[in-house]
1. Tell me, what is the FRET efficiency for residue 114 and residue 62 to the nearest 0.05, using R0 = 41 angstrom and their Cβ-Cβ distance as r?
2. Straight-line reach only, C-alpha to C-alpha below 16 angstrom: list the aspartates and glutamates that residue 106 could link to, leaving out same-chain residues fewer than 8 apart.
3. Could you work out the relative contact order of segment 1-129? I mean the mean sequence separation of Cα pairs under 8 Å and 6+ apart, divided by the number of residues, in percent.
4. If amide hydrogens are placed 1.01 Å from N in the peptide plane, which non-local residues have theirs closer than 5 Å to the one on residue 62?
5. Calculate the spin-label point distance for residue 24 paired with residue 52, positioning each point 7 Å from the Cα along the beta-carbon direction, and give it in nanometres.
6. How about segment 73-153: which chymotrypsin sites (Phe, Trp or Tyr not before Pro) there lie in a loop by DSSP and see at most 11 other Cβ atoms within 10 Å?
7. Pop a pseudo-label 7 angstrom from the Cα along the beta-carbon direction at both residue 172 and residue 135 and give the gap in nm to one decimal.
8. Ignoring ligands and nucleic acids, what accessible area does residue 29 show with a 1.4 Å probe (Å², nearest 10)?
Amino acid sequence: MQPFAQVLVIAHLLNTNNQYTIENIPLKEIAKQFQVNTINVSRAVENLAELELIEIVQRGRYKMFQFKFERKTLWEKGLQNNIFINPIAKAYFVEYNFNWNLPLLKAGDTALTEYTNINPSDQMAFAIDNQTFNLIKKNNQPNTFNEFGGEYVFQIWKYDPNFINRISQSAYDKVDPISLFLTYKDDQDERVQMELEHLINRFIW
């Protein structure tokens, strides 16, 4: 699944109170909600159609779509067919605290601790997109980041982790629960998997 296609699915799954809509509206309206180019939305929609998760509808000169399945079925099909991607592209570590002057979303064990009963980790984890990470690197010394370990970890995501906050007009300080789940979907720790199951049941159904 393409990264922004996954964002659309996650936005739909989390919209249990119908706070916003991405179905049956012109693609350019979806683009406005996420503050992205309409081409990005169009490519994501085509990808979802190829995966047979949505039906594309043409109404006059506007292209729209609607999901083929109820939320729970959509989620289960995505897991069973292994079409969801892990949002994390790469991780970099920092050995000390420094002022990055940007609001970052908690991720990894840091977010999991706040969402579930998992014990806190000594390491702080944040999720950012590649563009934001490059901006932080530009304003710091070249050796600030490493690939081996440190007190802080920066997860570079394949899509902007703020997308869900943006469409729901929320100000959460951590990544959305579904994206968080997908960063752990291959984790073999039984306790983590149990807590992740509780997490999904709490936010989707």
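1. Working: r = 40 Å, r/R0 = 0.98.
Efficiency at R0 = 41 Å is approximately 0.55.
2. Residue 106 reaches 114, 122, 129, 151, 160, 173, 176.
3. Working: 119 pairs, mean separation 25.5, N = 129.
With pairs under 8 Å counted, the relative contact order is 20 percent.
4. Placed amide hydrogens put nothing under 5 Å from residue 62.
5. My value for the distance between the label points is 2.5 nm.
6. Working: sites: 75, 84, 92, 93, 96, 98, 100, 115, 126, 133, 145, 148, 152; in loops: 84, 96, 98, 100, 145, 148.
Passing both the DSSP loop test and the Cβ count: 96, 148.
7. Roughly 2.1 nm, to one decimal.
8. The value for residue 29 is about 70 Å².
The values are calculated or read from the model by the stated rules, or taken from the named source; none is laboratory data. Please read all numbers here as calculations on a predicted model, not as lab measurements. Glycine also receives a Cβ, built like all others from the backbone with ideal geometry; neighbour counts cover every protein chain displayed. When the accessible area is computed, the model is the full protein with side chains, heavy atoms only, and any ligands, DNA or RNA have been set aside. Shrake-Rupley method; radii C 1.70, N 1.55, O 1.52, S 1.80 Å.
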